[in-house]
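The values are calculated or read from the model by the stated rules, or taken from the named source; none is laboratory data. These numbers come from a predicted model, not from an experiment. Note: ideal-geometry Cβ built from the backbone for every residue, glycine included; neighbour counts use all protein chains shown.
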Amino acid sequence: MDKNKFYITTPIFYANGRPHVGHIFTMALSDIFARYYRLRGDETFFLTGTDEHGTKIVRTAKEQGKEPQEWVDEVAEWFQDAAITLNLSHDIFHRTTNKEKHWPVAQEIWKRLDKNGDIYKKEYTGLYCVGHEAFVTEKDLDENGLCPDHGTAPEEVEEENYFFKLSRYQDDLREKIASDELHITPQERKNEVLAFIDRGLEDVSFSRPAKTLDGWGIPVPGDESHLMYVWADALTNYLSGIDYFTDKEKAQYWPANIHMLGKDILTFHAIIWPAILLAVGIPLPQQIICHGFITSGGYKMSKTRGNVVDPFEYVEKYGVDALRYFLAAAIPTTQDGDFTHEQFVRRYNGDLASGLGNATARILALAEGVDFSGVEARPSELDEAERFKNAWVNYGEAFDNRDLRAAIGEVWELIHWVDGYIEKTKPWEDKDPLVLYTLCVALANISWLLRPFLPQTAEKIAEGLGIAGKATWDFEPKKIDPLFPKIEE
Ligand code: MSP
């Protein structure tokens, strides 16, 4: 690859129900990074998809009177539709039931681990939480012996399983994380992972008997009576999605620059995944960004509480960019955040309808039909050129620091400046072409800065300036429909 490359992934979503706002959050954050790196000119690959094996999926399919394949096909389509609705710029929608593309990679990794002496068979008795798709211990349960997340009793399971020698990689892994060779963001999550490692890593169950899963899963190489457990099955999608073993060109995207994920699957990604990679000698991902959870009114969303936010309703009513904006700007990238209708309306009306919408409408109305042929200064020679340049520098730094709120904050700095500049120069009095040209340059910068976040809006602004699809500063401004009509409630 001649250019810089950038590879970002969302987790692959459990094909077990409809996409909700939590999934959409992970998707939106990842897309903003993907679009930013593409804007910078980096060769970018963005992976998303569905995780389609496991006990839960087999059971839900049964409850629905469907074959597992029929069920996951349906759910995968919901997630694909969600990705399109959210205007995701993904390069692949990857599915773990893809036997040609995914299975051989998962099996190749297994074989390499086996060859390396990292896999062994052992009799195992444990408590299995179907909701978590994981073995749990007594200390994970509440005082009634139920899983606190799912309110269900775990099942006692006695099986012979293959195990992965995770314990072998404890020291190596600790060193890679402590030194940021595998960079975990934010710092408090990194500390949590280090503390987890320091409590001692135990080997993990790596397979399940095929009969307990109705044969639904990826067969263990050389032992068809076992299917791969979620680790080797799902995590390896990040390699199979770029055809790591068979496509030399695409394989260069590895290591992933960012794995974006929520805090519930951090240990899964920050411990088991890198240990597998260390074992088979494949470079570790560069960074894991761990975002928080979206609550509503301070509570976990639940049907009983009646606080479930339906992201698709928001897209339908207010447009996809309004939702993308809220997720990126109102919810801190790496902390928990709250999504309520009142906050959404406040942000929408304040930032989008009044702030961005008004500034755009004012500039385009003032500059429409103005002849700029007499303006000699190029954008880089304007008195305000430094301000625009700085906005880009700060914006880039915010992206480097993985702080999307700070990045989009640069747009609002410019909007405030535009408002002040208009008040100061009063261009409605004399229509000074230099002043109006400066405002158009500011708006063009705003449009470019907005592209990763609000792609449709950025395009509309560029159309208003007469520069859509063109690399030019020769503006032909004209009025456009309001970007974000005010929500009157
Ligand atoms: N299938 C696994 C991931 C395997 S990756 C090799 C999985 N899937 S999931 O569908 O349950 O979750 C996908 C993502 O959605 C995770 O990053 C999870 O943190 C995120 N969210 C689920 N609910 C959420 C909120 N309420 N808020 C924010 N994100 C949350 O885990």
Legend entry - Top-ranked residue of region 150-172 - restricted to ones that are closer than 30 Å to LEU284 by Cβ and touching a strand residue (DSSP E or B) at 6+ places or on another chain (Cβ under 8 Å), ranked as surrounded by the most Cβ atoms within 10 Å (Cβ to Cβ): PHE164
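Regarding LYS5, is this residue within 22 Å of LEU449 (Cα to Cα) and either buried (at least 17 other Cβ atoms within 10 Å of the Cβ) or basic (Lys, Arg) (or both)?
Working: within 22 Å of LEU449 (Cα to Cα): yes; either buried (at least 17 other Cβ atoms within 10 Å of the Cβ) or basic (Lys, Arg) (or both): yes.
Considered against the rule, which asks whether it is within 22 Å of LEU449 (Cα to Cα) and either buried (at least 17 other Cβ atoms within 10 Å of the Cβ) or basic (Lys, Arg) (or both), LYS5 comes out as yes.
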Legend entry - Complete set of residues in region 290-327 that are touching a Lys or Arg at 6+ places or on another chain (Cβ under 7 Å) and small (Gly, Ala, Ser): GLY292
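Quick check on ILE294: is it more than 10 Å from the ligand (Cβ to nearest atom), touching a Leu at 6+ places or on another chain (Cβ under 9 Å) and either at positive phi or not small (Gly, Ala, Ser) (or both)? I'd like the intermediate steps shown before the answer.
On the way: more than 10 Å from the ligand (Cβ to nearest atom): no; touching a Leu at 6+ places or on another chain (Cβ under 9 Å): yes; either at positive phi or not small (Gly, Ala, Ser) (or both): yes.
When the stated conditions are applied, ILE294 does not pass them.
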Legend entry - Number of the condition not met by ARG402 [criteria: (1) within 30 Å of CYS290 (Cβ to Cβ); (2) part of a helix (DSSP H, G or I)]: (2)
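Sort through ILE12, ILE24, ILE8 and tell me the only one that's more than 11 Å from the ligand (Cβ to nearest atom), under 11 Å from the mean Cα position of the chain (by Cα) and touching a residue at least 60 places away in the same chain (Cβ under 8 Å). So that I can check it myself, show each step before the final result.
Working: ILE12 fails: more than 11 Å from the ligand (Cβ to nearest atom); ILE24 fails: more than 11 Å from the ligand (Cβ to nearest atom).
Within the list ILE12, ILE24, ILE8, the selection yields ILE8.
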Inset, instruction - Check region 321-334 and report whether any residue there is at pLDDT below 95 and more than 23 Å from the chain's Cα centre (by Cα). - result: no
Legend entry - Boolean, ARG18 is buried (at least 21 other Cβ atoms within 10 Å of the Cβ) and within 13 Å of the ligand (Cβ to nearest atom): no
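Yes or no, residue by residue, for (1) farther than 19 Å from GLN107 by Cα; (2) part of a helix (DSSP H, G or I); (3) aromatic (Phe, Trp, Tyr):
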residue: ALA232; (1), (2), (3): no, yes, no
residue: ILE242; (1), (2), (3): no, no, no
residue: LEU266; (1), (2), (3): yes, yes, no
residue: ILE276; (1), (2), (3): no, yes, no
residue: CYS290; (1), (2), (3): yes, no, no
residue: SER302; (1), (2), (3): yes, no, no
residue: ARG305; (1), (2), (3): yes, no, no
residue: VAL308; (1), (2), (3): yes, no, no
residue: GLU313; (1), (2), (3): yes, yes, no
Legend entry - Residue ID - surrounded by the fewest Cβ atoms within 10 Å (Cβ to Cβ), chosen from residues in region 21-59 that are among the polar types (S, T, N, Q) and more than 13 Å from ALA83 (Cβ to Cβ): THR55
